[in-house]
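Down below is the structure, laid out as structure tokens.
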Amino acid sequence: MNENTKREAFVSLFSFFGRTQVKTDKVVIRPPYNADERLFAHMCPTCVQTPCVSACPEKIIVIEDDKIPYIVFTQSGCTFCEECAKACPQDVLTLGTTSAIRLEASFKIDTVQCLAWKQTICRSCADVCDAKAIVFFGMLRPLIEIEKCTGCGMCYAPCPTNAIAFSAQHRGKG
């Protein structure tokens, strides 16, 4: 079974449980391939057709009333396929800029909610992490190695106990 097939199987299995993304203090995660956060507020509201939304094969880019795209990880994560950047007519998303989603501390594991931290073998987050950023100490106690994490969000939806959380403070990598 190749990595994409395995990831798709986990995501579809765990998305069945209807996970909802909790937004506290309006956490906003912008699509990758952007070098300047200010361009979203300046250019995106003038874009009439929202091609980045329709181009995303994972269907994780959404736009609300402010007409500025952001990502939700409730069903899937970003595969960094470049389709959103290719479709962007405003040059807000451009190829050649970093493909990582720029978050400080990206994702973290809530050790109180995590099954593995409660002595139950669960690898749902690590099994879908292509960056191999989730490491286990023994069979239990997973942690996310922030320096390896791309912020793709693939680990978010498959977690059966909603133990994956994220932060929206920007790293500045780019």
Failed item, numbered, when Ala126 is tested on (1) more than 12 Å from the chain's Cα centre (by Cα); (2) touching a residue at least 24 places away in the same chain (Cβ under 8 Å); (3) not in a helix (DSSP H, G or I): (3)
Subset of region 153-174 (residues that are at pLDDT 90 or above, of a type outside the set (Gly, Ala, Ser) and in a loop (DSSP other than H, G, I, E, B)): Met154, Cys155, Tyr156, Pro158, Cys159, Pro160, Thr161, Asn162
Gln21 modelled with pLDDT of 85 or more and either loosely packed, with under 13 Cβ neighbours inside 10 Å or in a loop (DSSP other than H, G, I, E, B) (or both): no
Residue ID - modelled with the lowest pLDDT, chosen from residues in region 129-152 that are loosely packed, with under 14 Cβ neighbours inside 10 Å and part of a loop (DSSP other than H, G, I, E, B): Met139
Residue within region 28-41 that is within 19 Å of Phe166 (Cβ to Cβ), at pLDDT below 85, part of a loop (DSSP other than H, G, I, E, B) and under 14 Å from the mean Cα position of the chain (by Cα) present: yes
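The values are calculated or read from the model by the stated rules, or taken from the named source; none is laboratory data. Keep in mind it's a predicted model, so treat the numbers as computed, not measured. Cβ atoms come from the backbone with ideal geometry, glycine included; neighbour counts cover every protein chain shown.
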